[in-house]
Amino acid sequence: MRFPLSWIREFAPIPEDINIVSKGFTFSGTEVEEIIDSEGETVFDFNFTVNRPDLMSVYGLARESSAVFDISSPKFSPNPRKSQLKIEENISIEVLDPDLCPRYRALVIKGLKVGHSTSLIQKRLIQCGLRPINAVVDATNYVLLEYGHPLHAFDLKFINGKKVIVRRAKDGETIKLLDGSEKKLTENILVIADEIRALAVAGVMGGEESGVSFLSRDILLEGAVFNPVSIRRTSKTLNIHTDASHRFERGCDYEGPVKALDRVAELILEMCGGQLCDSDIDIKAGNKKTEKVALRIPRIKKVLGIDIPKDKIINILEKLAFKIEDFDSENLTVTIPSFRVDVEREIDLIEEIVRIYGLDKLPARIPTVIDEESGRSESQIVENKIRHFLSCRNLLEAISFSMTDPALDPLFSFKGEEIKLSNPLSETNSILRRSLIPNLLLAVKKNSSFGNRSFGFYEIGKVYFKYRKEKSTEPNKDSNNDYHICEKDVIVTEEPRLAIILYEEDTVKSFNQFYPRDIYSLKGIIEGLFESLRKKCSFLEERPYSEIFSQDNFAKILCDDQEMGYFGYLEPQKLRSLEIKGMVCIAEIFLDRLLKRSDPSFKQFSRFPFSKRDLSILVANNVKWASLETTIKNANVQNLKKIELIEVYQDENIGKENKSLTFALYFQSAQKTLSDSEIENEVNQIIDLLKSNFNAVLRS
Amino acid sequence: MYNFDLENIKREFQIELSKASSESDLFELKGKFIGKKRGLISELLEKIPSLSQEERKVFGKEVNLLKKFFESEISKSFDNIQKKKSSIPKMDLTLPGRNLFSGKIHPLSQVREEIEDIFISMGYTIASGPEIEDPYHNFEALNTPEDHPSRDIQDTFYLDVENMLLRTQTSPVQIRSMERKKAPIKLIAPGRVFRRDDDVSHSPMFFQVEGLVVDESITMADLKGTLLSFYRKLFRREVSIRFRASYFPFTEPSAETDLSCVICGGSGCSVCKRTGWLEVGGCGMVDPKVFEFVGIDPEKYTGFAFGLGIDRIAMIKFGIDNIKYFLENDIKFLEQF
C-alpha cells in the first residue's frame, strides 16, 4: 500500500532523512518494501502485517510515528458546518442484524453540485493507486487513505421510501455492483437495502444504481462498523476483494465512523457546496467497553530476557496511545485505544514494548534446557544410512514432487485409492503419488533426451493413498507410516518408500564404468542394501502388477516372509511410447518395516583354510539357478560353506536348449584341514544330486 | 634295522613338486611333507624312539637332511612362483579409474543433514510428522482460525478427502510434539511443505526446518543466541543477525531474521541485493494461545520458535540462483554436489 511522505508530514514531523524513516518503520514491524519517486515526491510502498489495519492510513502511520521516532502525536479534528435541515425528514435507518453491524452512522448533505475533486486530492489518489471518479467518491476514498475508515456515499434519490435497512440478503436476491458485475446473494451476506431492494453489499462494494454521479444532488454518507468474519466470508463467497473489505475483515476502529464521516462531509462541502443536515444518525448495538489489560513488569523480562526501565515502558505505551491508568512498582493497568483491534492480552503489550524499544537491544544467550529424546529417530538414522550407501554405489539422489500425473500413476500402483488435489496447479500434477517411479521415469526421459546414456537415480520419499476402513485394515500403529482416520471411515496414509531406477542405452560400453546399469547390478544393489541393514532378502519371480513391466522379468522382494517391494525391467515398447529409447530397470522398496537398526551378532568361525573345487555342468535352459543352489544347500553337505557362480554360458555348440554353469564350491571344517578324499566325497555327493535332480551333465 | 625308504620319499616329493604350479599347491605339499602335525617328516621322527641307539643317530641325521632339502626346495619354488607373479606388464596409469563413487546425495539432503547435525550437537531432537494434515494442526492450533486474514498468507492445496490438506509449514509437527511430550521440549522439524504458488522465486513444494524450545526460562534472548550460534556453525564463519519486528499468528513477539550477507560479508552484492543482509526466516516467542491449544501452562512456560527454508540455505551456501533446479532432477545439477 502506497503513501506519499509529504502527506504523512502534514500530520507528524517525521525525520527528513527517508532512510531513517524507512528503517524506523521496517524494524518496528511495518516493512517499507519499496521507495518510489513519484514526480519528485517520495512515496513509500508499505507491506502491512495482517494484524495492523490501524496503520493503513496516513493518520495511522503518523500515529505510529509518534512512538517510532519519539515525536509529537498527530491531531485530527474535522468540523463540518451544519445547516438547519433535519436529517429525520430525509432518511430513517434500521439495523436488523446488529451482530453483523455493531455501528451504523450516517450524514446527509443536500443540494450539492458534484464536479471533479481538487488537483491535490486527484494527485494523491493516483499516488496511492486509486482512480479519481467524481468529487464525492474521491472524497470518500481520500478519507479512506487519510484516516483509514472505509466510507460509502449513496445518491439519496435512489433510496426508496427514504429508509435504509441493514439486513441479511434473501437467498437468491441479486444486485448489480459498481464494477458492473451482477451477483446472486445468500442469507449469510449483509446488505444495505431500502424498502424494495439491496443497494450495496455491506462493507464490500456499493450497487451501481444507488452510486453517486455527477447528477447527484442529495447524498447519504455511510460510516459503519461491520463484523470482520462476515465481511471475509462475503468477500470469499462473491470473490470480490476491495479496499473496504480488506480493512473491514482485519477489524476496524469502533470510533472510526465519527471523525471519518465528519472529515468527508467537510471535504464535500468545500468542493461541492450543499447543506449538511443538523445531526447524524448513529445506531450502536450497545456501547463498546473500553478494554483494560494488566501488565506485570517482571513478565516482560521473563519473555524478553532483558530489563527495560519502567519509565521507558510507560513512555513507549503512551506514545502508542495506550493509557496507563494506575500502577505500582510491578504492575500496570493499560487501557487499549479503540483503534488497536489487535491488542487484548499482556503478551500483545510486551510485543508493543519490544518492537519500539528495539529488538537489536536483546542480548544473545543459549538456552540450557535438556530434551531427553534428543538426536535422530531410528527411521531417520536408517534413511540417512541408505542415502549414504546408495550414493556410494554410483547413484544420484533425486527429489521429485509429491504430486504426479494421473495418467502414469496407475501403471505403478497396486494398492489404495489415489488422493486428488482439489485445487491443483496443473492436470499433470493433480494427484498425490502412489509410487515413486512415475516422476523418476520422467526424470529418466528428460536426462536421456539430453544425451545421457547410462545413469542411475534413487529417491527416498513418501507415497500417499486412501482406503476405506474395514476391520482387517486397521492401520498398524507400530509402523513408520503416518495416517489419519477421516470422516466416513476413510483412512489416509503416507508410506516411506525407496525407489531405484537404472537407465542404459543398448550400445553403452565404457572403460571406466564400474558396473553395467542392468538388472543384475540392480539386484546386487538391493542385496547389498539389505545386507548393510543386516537383513536378508530373497526374491520371488512373479507376473508383474501391470503391462508397463516386462512380463517375464519381474520379481518380488521378500524379507522375513514379508513382501518388501519389487524389481524388474520395464517393457521397452511401452517405454518407446514415453519416448525413452534405452533399457530401464526399476526397484521400489517399502521402507516402513526396514527403518530399524539391528546389531550384528558374532558367530564362531573356522580357523582352517577353505578348499575350493570348480564344477562345470550342462543343464536345460529352464533350470533356475536358485533352485539348483537351494537343492545343494538343502542337501546338508557337511563341509560345504559357500557356492559361488563363476559363469553362465550359452552357445550353439552345447545346444540351444542347454546352458553351461560353472561355479566354485568352498569346503571348510571347523575342526581340521580337510583331506582330498573327504572333499572328493562331498563333491561327488553334490554331482550325484545335480544329476538326479536336474539331469546335469558334468563338463570337465 | 629300520626299513624306511627315504630315497622313495624323496622321489615322490620331487614328482609332486614338479606338478605344483600355484602357491596353494605348494602349501599343500608343504603340509604333506614337512607339516608339523601330519607331515611325513614328523611321522618319521615319531618312529625314532622305537629304534636302537645307533640307528637313532644315523636315521635322525638322514631325516634332518631330508627335511632341510624339502624346505629349501619348497622355498625355491615359492620364490619362482612369486617372481612369475610379480612380473606385471607395463600399464597405462593415465587411463581413467573405474568409476566407483560418482553417486551424490541431493544438495537439499546434504544441507538438511548438516543443519540437523548442528542442532543435534546442541541437544535437539529431530522430529517429523505427516505431510497430509488436518486444518486443526496446520492452522487452528497455530492460532490461525479459518475466518482470519492470516489464513491467506499461505495458499493451501486441499485434497479430495474431506478436511485434509497438504501441510503448508512444518509447524504442525511442533503441535503434535507438544501434544505428546508437553514441556520441556527442544526440537527441530525438517520436512517438505506445500504452497499453491508457482513463479520465478516460488515452488509449490519446498523444504523447511522449524525449531521449537519450551521451558520455564526461555526468553527471546535465547532465541537470538541460538540462531546466531547456528548460523555461525552452518556457514563456518563469523556472521551477525538482526531482528525486524513482524507478525506471525503463532508467535508473539514475532520477528524476521536477517543474516549478514555471507557472500560479500555485508558490503553489498547481487545476492543480498546490495543491502548487506539476507532474509533467512521468521521467528518469535510461542504465542500463549498455542500453548493453550496443546495443554501447556502459558504462565509457567515460555518458548521460542523459528523457521527457515532449506532450499534458501542451500542456494546461499552453494551459490545456486534458481530454486527450480532442486526438483528438476537434472544430472548436470545433481552431480555437482
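The values are calculated or read from the model by the stated rules, or taken from the named source; none is laboratory data. Keep in mind it's a predicted model, so treat the numbers as computed, not measured. Glycine gets a Cβ as well: all are built from the backbone with ideal geometry, and neighbour counts include every protein chain shown. Protein only, heavy atoms only, side chains kept; ligands, DNA and RNA dropped before computing areas. Shrake-Rupley method; radii C 1.70, N 1.55, O 1.52, S 1.80 Å.
Can you go through A:LYS176, A:LYS183, A:LYS170, A:LYS157 and tell me which one is open to solvent by 10 Å² or more (accessible area, probe 1.4 Å), under 24 Å from A:CYS277 (Cα atoms) and in the same structural domain as A:ALA260 (by TED's automatic domain parsing)?
So the residue among A:LYS176, A:LYS183, A:LYS170, A:LYS157 that is open to solvent by 10 Å² or more (accessible area, probe 1.4 Å), under 24 Å from A:CYS277 (Cα atoms) and in the same structural domain as A:ALA260 (by TED's automatic domain parsing) is A:LYS157.
Pairs only if they're at least six apart or on different chains, beta carbon under 8 angstrom, first in segment B:101-128 and over 17 Å from B:ILE185 (Cα atoms), second among the acidic types (Asp, Glu) and open to solvent by 50 Å² or more (accessible area, probe 1.4 Å); list them, first residue then second.
Listed pairs, sorted by first residue: B:SER102/B:GLU335; B:LYS104/B:GLU335.
Please specify each residue of segment B:210-240 satisfying the condition of being within 22 Å of B:ILE316 (Cα to Cα) and among the acidic types (Asp, Glu).
B:GLU210, B:GLU238
Among the residues of segment B:212-229 satisfying the criterion of being in contact with a strand residue (DSSP E or B) (Cβ under 7 Å, 6 or more places away or on another chain), of a type in the set (A, V, I, L, M, F, W, C) and at the interface with chain A (Cβ under 7 Å from one of its Cβ atoms), which is farthest from B:SER254 (Cα to Cα)?
That would be B:LEU228.
Need at least 3 residues that are open to solvent by 40 Å² or more (accessible area, probe 1.4 Å) and within 14 Å of another protein chain (Cβ to nearest Cβ) per element, so show me which strands (runs of 3 or more DSSP E) inside segment A:276-370 make the cut, counting only ones lying wholly within it.
Details: elements: A:281-284, A:292-296, A:323-327, A:331-335.
Passing ranges: none, list empty.
Within segment A:553-565, identify whether any single residue is surrounded by 12 or more Cβ atoms within 10 Å (Cβ to Cβ) and over 30 Å from A:PHE414 (Cβ atoms), and answer yes or no. Working first, answer last.
Quick first cut of segment A:553-565, residues surrounded by 12 or more Cβ atoms within 10 Å (Cβ to Cβ) only: A:553-559, A:563-565.
Applying the additional criterion that residues be over 30 Å from A:PHE414 (Cβ atoms) yields none.
No: segment A:553-565 contains no residue that is surrounded by 12 or more Cβ atoms within 10 Å (Cβ to Cβ) and over 30 Å from A:PHE414 (Cβ atoms).
Of the conditions (1) open to solvent by 10 Å² or more (accessible area, probe 1.4 Å); (2) more than 14 Å from chain A (Cβ to nearest Cβ); (3) in a helix (DSSP H, G or I), B:LYS90 satisfies every one except a single condition; which number is it?
Result: B:LYS90 passes all but (3).
Return the residue satisfying two criteria in turn: it lies in segment B:230-265 and is in a loop (DSSP other than H, G, I, E, B) and open to solvent by 40 Å² or more (accessible area, probe 1.4 Å), and of such residues it is nearest to the other protein chains (Cβ to nearest Cβ).
Step by step, filter segment B:230-265, then rank; the result is B:SER240.
Kindly provide the set of residues from segment A:205-224 that are within 39 Å of the chain's Cα centre (by Cα) and open to solvent by 10 Å² or more (accessible area, probe 1.4 Å), ordered by number.
Of all residues in segment A:205-224, those within 39 Å of the chain's Cα centre (by Cα) come to A:205-208, A:223-224.
The answer is A:MET205, A:GLU208.
In segment A:396-441, what residues are part of a strand (DSSP E or B), at pLDDT 95 or above and within 17 Å of A:GLU495 (Cβ to Cβ)? I'd like the intermediate steps shown before the answer.
Let us first name the residues in segment A:396-441 that are part of a strand (DSSP E or B), namely A:396-397, A:403-404, A:417, A:420-421, A:431-432.
Cutting the leftovers down to at pLDDT 95 or above gives us A:396-397, A:403-404, A:420-421, A:431-432.
Within segment A:396-441, A:MET403, A:THR404, A:ILE431, A:LEU432 qualify.
Look at A:ASN384 and say whether it is farther than 18 Å from B:PHE333 by Cα, at pLDDT below 95 and within 11 Å of another protein chain (Cβ to nearest Cβ).
Details: farther than 18 Å from B:PHE333 by Cα: yes; at pLDDT below 95: no; within 11 Å of another protein chain (Cβ to nearest Cβ): yes.
In short, no.
Let me confirm something: among A:LEU61, A:LEU55, which residue is within 14 Å of chain B (Cβ to nearest Cβ) and open to solvent by less than 10 Å² (accessible area, probe 1.4 Å)?
Numbers: A:LEU61 fails: within 14 Å of chain B (Cβ to nearest Cβ).
On inspection, the qualifying residue turns out to be A:LEU55.
Do you know which residues across segment B:9-36 are exposed (fewer than 13 other Cβ atoms within 10 Å of the Cβ), out of contact with any helix residue (DSSP H, G or I) (no Cβ under 9 Å at 6 or more places or on another chain) and under 27 Å from A:LYS672 (Cβ atoms)?
Selection gives B:ILE15 alone.
Scanning for something open to solvent by 10 Å² or more (accessible area, probe 1.4 Å), within 9 Å of chain A (Cβ to nearest Cβ) and in contact with a strand residue (DSSP E or B) (Cβ under 6 Å, 6 or more places away or on another chain), does segment B:162-176 turn up at least one residue?
Within segment B:162-176, the subset open to solvent by 10 Å² or more (accessible area, probe 1.4 Å) is B:162-164, B:174, B:176.
Next, from what is left, pick out any that are within 9 Å of chain A (Cβ to nearest Cβ): B:162-164.
After this cut, where a residue has to be in contact with a strand residue (DSSP E or B) (Cβ under 6 Å, 6 or more places away or on another chain) as well, the list is B:164.
Yes.
Which of the residues that make up segment A:582-603 are within 19 Å of A:LYS556 (Cβ to Cβ) and part of a strand (DSSP E or B)? Even if it seems obvious, please write down each step before you answer.
Initial filter on segment A:582-603 (within 19 Å of A:LYS556 (Cβ to Cβ)): A:584-594.
Answer for segment A:582-603, where residues must be within 19 Å of A:LYS556 (Cβ to Cβ) and part of a strand (DSSP E or B): A:VAL584, A:CYS585, A:ILE586, A:ALA587, A:GLU588, A:ILE589, A:PHE590.
Is it fair to say B:THR144 is outside any strand (DSSP E or B), within 11 Å of another protein chain (Cβ to nearest Cβ), open to solvent by less than 10 Å² (accessible area, probe 1.4 Å) and touching a residue at least 24 places away in the same chain (Cβ under 8 Å)? Lay out the reasoning, then the answer.
Numbers: outside any strand (DSSP E or B): yes; within 11 Å of another protein chain (Cβ to nearest Cβ): yes; open to solvent by less than 10 Å² (accessible area, probe 1.4 Å): yes; touching a residue at least 24 places away in the same chain (Cβ under 8 Å): yes.
Yes; evaluated as a whole, the condition is true for this residue.
Yes/no per residue for (1) surrounded by 15 or more Cβ atoms within 10 Å (Cβ to Cβ); (2) assigned by TED's automatic domain parsing to the domain that holds B:LYS224; (3) of a type outside the set (A, V, I, L, M):
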residue	(1), (2), (3)
B:MET285	yes, yes, no
B:PRO288	yes, yes, yes
B:PHE293	yes, yes, yes
B:LYS300	no, yes, yes
B:ALA305	yes, yes, no
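Consider only pairs whose beta carbons are under 7 Å apart and that are at least six residues apart or on different chains; among these, list those whose first residue lies in segment A:603-614 and is small (Gly, Ala, Ser) and whose second residue is assigned to a strand (DSSP E or B).
Final answer for the pair search is A:SER611/A:PHE667.
Please go through segment A:566-577 and pick out each residue that is surrounded by fewer than 15 Cβ atoms within 10 Å (Cβ to Cβ) and more than 17 Å from A:ARG517 (Cα to Cα).
Initial filter on segment A:566-577 (surrounded by fewer than 15 Cβ atoms within 10 Å (Cβ to Cβ)): A:572-573, A:576-577.
Answer for segment A:566-577, where residues must be surrounded by fewer than 15 Cβ atoms within 10 Å (Cβ to Cβ) and more than 17 Å from A:ARG517 (Cα to Cα): A:GLN573, A:ARG576, A:SER577.
Look at A:ILE525 and say whether it is outside any strand (DSSP E or B) and touching a Lys or Arg at 6+ places or on another chain (Cβ under 6 Å). It would help to see each step written out before you state the result.
Working: outside any strand (DSSP E or B): yes; touching a Lys or Arg at 6+ places or on another chain (Cβ under 6 Å): yes.
So A:ILE525 fits the description; yes.
Anything in segment B:191-211 that is open to solvent by less than 20 Å² (accessible area, probe 1.4 Å), at the interface with chain A (Cβ under 10 Å from one of its Cβ atoms) and touching a helix residue (DSSP H, G or I) at 6+ places or on another chain (Cβ under 6 Å)? List them, or say none.
Of everything in segment B:191-211, just one residue is open to solvent by less than 20 Å² (accessible area, probe 1.4 Å), at the interface with chain A (Cβ under 10 Å from one of its Cβ atoms) and touching a helix residue (DSSP H, G or I) at 6+ places or on another chain (Cβ under 6 Å), namely B:SER203.
Hey, can you tell me all the residues within segment B:38-83 that are more than 18 Å from B:ALA20 (Cα to Cα) and acidic (Asp, Glu)?
Correct list: B:GLU43, B:GLU46, B:GLU54, B:GLU55, B:GLU62.
Please go through segment B:108-132 and pick out each residue that is more than 9 Å from chain A (Cβ to nearest Cβ) and buried (at least 21 other Cβ atoms within 10 Å of the Cβ).
B:VAL111, B:ARG112, B:ILE115, B:PHE119
Which of the residues belonging to segment B:307-337 are of a type outside the set (A, V, I, L, M, F, W, C), away from every other protein chain (no Cβ under 13 Å) and buried (at least 22 other Cβ atoms within 10 Å of the Cβ)?
Restricting attention to segment B:307-337, the residues satisfying the condition of being of a type outside the set (A, V, I, L, M, F, W, C) are B:307, B:309, B:311-312, B:317, B:319, B:321-322, B:324-325, B:328-330, B:332, B:335-336.
From what is left, the residues that are away from every other protein chain (no Cβ under 13 Å) are B:307, B:309, B:312, B:317, B:319, B:321-322.
Listed by number, the list holds a single entry, B:GLY307.
Give segment B:309-320 a look and list any residue that's in contact with a helix residue (DSSP H, G or I) (Cβ under 7 Å, 6 or more places away or on another chain) and assigned to a loop (DSSP other than H, G, I, E, B), or say none.
Going through segment B:309-320, the residues in contact with a helix residue (DSSP H, G or I) (Cβ under 7 Å, 6 or more places away or on another chain) turn out to be B:310-311, B:313-315, B:317-318, B:320.
B:ILE320, the sole residue that qualifies.
I need the full set of residues from segment A:414-451 which are closer than 22 Å to A:PHE567 by Cβ, open to solvent by less than 40 Å² (accessible area, probe 1.4 Å) and without any contact (Cβ under 8 Å) to a residue 60 or more places away in the chain, in order please.
Of everything in segment A:414-451, those that are closer than 22 Å to A:PHE567 by Cβ, open to solvent by less than 40 Å² (accessible area, probe 1.4 Å) and without any contact (Cβ under 8 Å) to a residue 60 or more places away in the chain turn out to be A:ARG433, A:ARG434, A:PRO438, A:ASN439, A:ALA443, A:ASN447.
Kindly indicate whether any position in segment A:504-516 is within 25 Å of B:SER102 (Cα to Cα), open to solvent by 70 Å² or more (accessible area, probe 1.4 Å) and of a type in the set (D, E, K, R).
Looking for residues that are within 25 Å of B:SER102 (Cα to Cα), open to solvent by 70 Å² or more (accessible area, probe 1.4 Å) and of a type in the set (D, E, K, R), one finds at least one in segment A:504-516, hence yes.
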